[in-house]
Each structure stands twice: as structure tokens, then as C-alpha cells.
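Structure first, commentary second.
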Amino acid sequence: MNWKRWIGTAALAASTLATAQDPQFSKNPTDFHSAATIHEDAAKLLEQAKASPDGLAQLRLDTYPGHNITLTVRVKSGGGEIHANWSDTFIVIAGEATVLTGGKAENPVSKPDGEIRGTKVVGGTGQVLHAGDVFHVSPGVPHQTTVAPGKTFTYMVVKAARQ
């Protein structure tokens, strides 16, 4: 093995070990969240979302190297988003929403870590989501979750780091 490959391998091993020991990450070799617990947590989040000015409540279920899982309840539409470094995979638990993708974020504001937030997505294509649906948004794609007045949308988001 040449020295450059050895240094690269050693650096990768060191970063992997450091990540595995990072207290923010789950230490469990497996994690389980029962449907009953998810529905109990979602009921609590629903009350929080109703009381929130932005109509959103979230609970981070777990954080792992390279991805995390968050339970989310919306009672209002969100703004436009673009994630430079993350993909989003939505797993719908209950309710209905339309996710607009493509187009552009209106009134974009850059945030830390390559995040962009806008007031809405304009010129995008809508996909209606229902319980049981799975929807993926790649990094760099403008998207917005819209919820009709009086409706709720409960879903899990798996955020995965761009490779």
C-alpha cells in the first residue's frame, strides 16, 4: 500500500471512529419505533402544530452518521426550501399534502450549511401525497409542502447527506 492510500485509509478510519463516538449519534446497533409510539407522538405534535404560528411541529427520532429521522406534523403550508447538502425522503403517516418541486424559491434567503428558505416555490410541479406514500427530493431541488386549510399532514422525513 503506498503512503497516500495509507494516509487516506487512516483518515477515513479516524473520522469513522470519531463519528461513531460522537454523543449526538445513536449508540444502538438497531433502533425501533413502534406504530403505537409514532401515533402517540404524532398526537402530541398535532397539538403543538395547532398552537404554533407556522403550523409545524417536529420530533427528531434519531440521528445517525449521514442521516436522521424526524417525525413531522403540519397544519399549515411551509415555505420554499432548497437543501444543498441533504436529500429528503417523506414517508406519509396520515393526512394529505401537496409537495411542489422544481421551479424556484421566491424571496430566497441563504442559511447556514447550504440551506435556502423562500416564501414559496413558484413554477413547480405538484405531487399529492397520502398515507402510505413515499416521496424523495434530491439535494438542490426547490420544494414546498402545502397543506389545505383545515387539513393535517403527518409524515416522517429521512434526511440523508449528499454523498
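Restricting LYS151, LYS159, LYS111 to those that are more than 17 Å from the chain's Cα centre (by Cα) and charged (D, E, K, R) reduces the list to LYS151. Can you confirm whether the range 127-145 contains a residue that is within 22 Å of GLN48 (Cα to Cα) and touching a residue at least 60 places away in the same chain (Cβ under 8 Å)? Yes, that holds for at least one residue. Residue count for the range 85-123, restricted to those that are at pLDDT below 95 and among the small types (Gly, Ala, Ser): 1. With the structure loaded, tell me whether VAL128 is in a strand (DSSP E or B) and open to solvent by 30 Å² or more (accessible area, probe 1.4 Å) or whether it fails that test. It is true that VAL128 is in a strand (DSSP E or B) and open to solvent by 30 Å² or more (accessible area, probe 1.4 Å). The set of residues from the range 100-125 being of a type in the set (S, T, N, Q) and either outside any strand (DSSP E or B) or over 12 Å from ILE82 (Cβ atoms) (or both) comprises ASN107, THR119, THR125. The residue that is most open to solvent (accessible area, probe 1.4 Å), counting only those in the range 72-85 that are part of a loop (DSSP other than H, G, I, E, B) and in contact with a Leu (Cβ under 8 Å, 6 or more places away or on another chain), is LYS76. The number of residues in the range 20-71 being closer than 23 Å to TRP86 by Cα, modelled with pLDDT of 95 or more and assigned to a helix (DSSP H, G or I) comes to 0.
The values are calculated or read from the model by the stated rules, or taken from the named source; none is laboratory data. Since the structure is predicted, the reported quantities are computational estimates derived from the model, not experimental observations. Here Cβ is always computed from backbone atoms with ideal geometry, including for glycine, and neighbour counts include all displayed protein chains. Just the protein is used for accessible areas: all its heavy atoms, side chains included, with ligands, DNA and RNA removed. Shrake-Rupley method; radii C 1.70, N 1.55, O 1.52, S 1.80 Å.
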